[in-house]
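Right, one structure below, let's go through it.
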Amino acid sequence: MADPRGPEAAVRCRLFATGGGPELPLLARDIAQRFAPLLAAYIWHREPLRLRCRPQRGEIPPHIGSTTVFGDNVEDEWFIVYLVREITREFPGLVARIDDNDGEFLLIEAADFLPKWLNPENSENRVFFYKGELHIIPLSETDEQEYDLSAACPTISEALMLLSTRSEEFLAAEPIRRAVYKRISGYPEKIEASFHRAHCYLPAGIVAVLRQRPSLVAAAVQAFYLRDAVDLRACRSFRTFPADNRVMTVVTFTKCLYAMLVQQKFVPDRRSGYTLPLPSHPQYKAYDLGMKLAHGFEILCSKRSKVCPVSERKVLSGPLWERFLSSLKEKDYFKGEMEGSAKYSQLLRMAEDYFQESVVEAESFIELNPGDEILTLLETTTIDLKELEREAACLPPEDDDSWMEITPDDLDKMLKERRNESIPSSSEEQQKYDLEAVAESMKAFVSKVSTHEGAEMPWSSDEPHVTFDVDSFTKAIDRMLGPDSEELDSDDLDEEQEFDFSDEEDLDAENQTQDQNVPPNELIGSLKSYMNEMDRELAHTNVGKSFTTRKKGVSVP
């Protein structure tokens with residue numbers, strides 16, 4: 001079972017310094033610390049955003065960069081766009097360049113408003129975020145103020161120099177900026193809206209793991225979603241997470257992950273011990289979700305590395321960690337939770353993981369695969385089954401998942417909103433988008449003559465129109481073939497397909513013999529009579545009038 005988008009669906013962002021200021025490593029650390037409250041609790045679909053310092057390579061100067069695989073959840077990509085814009089706003093000495101597998105996807109979002117000169121061939125190194133705004137560097141201009149369409153794309157260094165000195169000239173047109181900014185509007189509040197909390201009947205070990213690392217739910221859903229026959233062998237015995245000691249709990253998914261899990265139809269192996277109640281059971285969905293998620297976690301653990309995972313976490317200390325923790329508290333990262341409470345401890349654990357992944361130097365960070373990380377957490381976490389059962393008795397309600405169903409009215413509303421976004425805002429230009437006029441123009445278009453190159457538009461009204469009288473042509477054919485001719489219908493075609501063509505060579509030989517028995521003069525005379533009869537029948541039609549005859553004495557090459 002393959003990922004519909006594939007693992008190569010990734011977004012790349014690069015942050016360049018325009019001049020003097022802090023060194024790139026210090027900037028990268030400050031950026032990670034500044035946006036920690038948003039990133040520490042974010043559930044990434046495939047990979048987290050990790051901004052690292054990159055050395056100069058060719059014409060690309062040193063920069064802070066990241067390539068993030070986002071898979072099916074395109075919202076991860078637009079969240080990164082939001083972050084990049086905010087980074088350039090918070091750090092005005094940075095210029096950001098962002099693209100993905102489709103190229104300049106920001107321009108694709110604003111395709112209805114782009115200037116005519118801008119195309120995929122000349123857009124490289126022209127689109128940047130600077131000081132929180134989208135900029136587009138135009139083509140070079142000649143003395144006649146006409147764009148030089150043959151101009152080469154600028155280098156990154158050239159673009160940085162232009163933006164640092166004349167950025168106000170390159171601010172993208174308002175409709176372009178509006179289209180892009182609308183796509184990232186709603187953040188950071190949109191992060192919370194992207195979550196979906198659902199009841200799941202899970203082994204106590206998975207509940208304990210998710211409390212320490214809620215983001216591991218993404219890896220587990222992916223493992224189940226992309227399972228194969230080899231993966232399912234590990235789910236026959238469930239050595240790590242047997243079906244015993246299951247408890248009801250609340251799991252936080254993203255809406256994309258939740259939809260992926262719910263839509264999967266799966267029946268567990270009878271040997272696994274995971275059984276489901278009848279679909280009419282009030283908690284059937286919780287059992288079903290828990291069973292699928294348990295399979296995902298078991299698959300991850302079956303793919304652990306050969307070496308034993310590190311059982312002890314590195315103790316976080318030092319001035320850098322203290323400054324980082326103090327910054328989180330100032331930004332209300334802990335949301336008023338009492339120090340030492342379960343929620344506070346969970347947030348602190350996420351902050352520690354984020355600090356080790358994104359703030360400290362890349363060389364000192366050792367990334368574990370999800371299976372190793374799960375096993376490490378199981379070794380270092382105390383599981384209190386009684387406490388989990390008491391909490392299960394008073395769980396908060398799960399979120400409504402009616403958002404997964406789109407009614408015809410909802411679809412119509414979405415289409416209208418999308419249509420209105422592509423229509424210019426001024427009332428004068430909106431009048432040009434009359435739907436009836438568009439419909440009439442479409443009818444006129446499809447009625448035109450088309451060739452292998454497309455529709456032929458009769459721009460010149462002086463050219464004579466050629467019409468084809470079908471009835472006259474049919475009568476002419478009937479007169480030539482005679483009254484005994486029969487029409488070939490669909491039944492005849494079906495019968496022809498059932499013929500045995502093994503004797504085709506004999507039939508061809510017989511026809512060739514018959515043709516040889518007819519004198520050549522008779523064949524030519526018969527052909528001329530057919531042609532003359534056709535000319536007489538078509539003479540009074542427009543088709544006949546459109547024919548031209550060659551005058552005698554005129555040579556034809």
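Across the range 248-285, the residues whose backbone nitrogen lies under 20 Å from the label position 7 Å along the beta-carbon direction of ILE108 are 256. FRET efficiency for the pair GLU121 and LYS331, taken as 1/(1 + (r/R0)^6) with r the Cβ-Cβ distance and R0 = 45 Å, rounds to 0.55. With protein chains left intact and a 1.4 Å probe, residues in the range 213-353 average 53 Å² of accessible area per residue. In the assembled protein chains, LEU202 presents an accessible area of approximately 0 Å² (probe radius 1.4 Å).
Among LYS265/LYS413; LYS265/LYS285; LYS329/LYS386; LYS182/LYS255; LYS265/LYS416, which pairs are too far apart, with a Cα-Cα distance over 22 Å?
Too far apart for the 22 Å limit: LYS265/LYS413; LYS329/LYS386; LYS265/LYS416.
Taking 0.36 nm per residue of separation and subtracting the Cα-Cα distance, full extension of the segment from ASN101 to GLN264 would add 55.9 nm.
The values are calculated or read from the model by the stated rules, or taken from the named source; none is laboratory data. Small disclaimer: the values here were computed from a predicted structure and weren't measured. As a convention, Cβ positions derive from the backbone with ideal geometry for all residues, glycine included, and neighbour counts pool all protein chains shown. The area values use the complete protein model at the heavy-atom level, side chains included, leaving out ligands, DNA and RNA. Shrake-Rupley method; radii C 1.70, N 1.55, O 1.52, S 1.80 Å.
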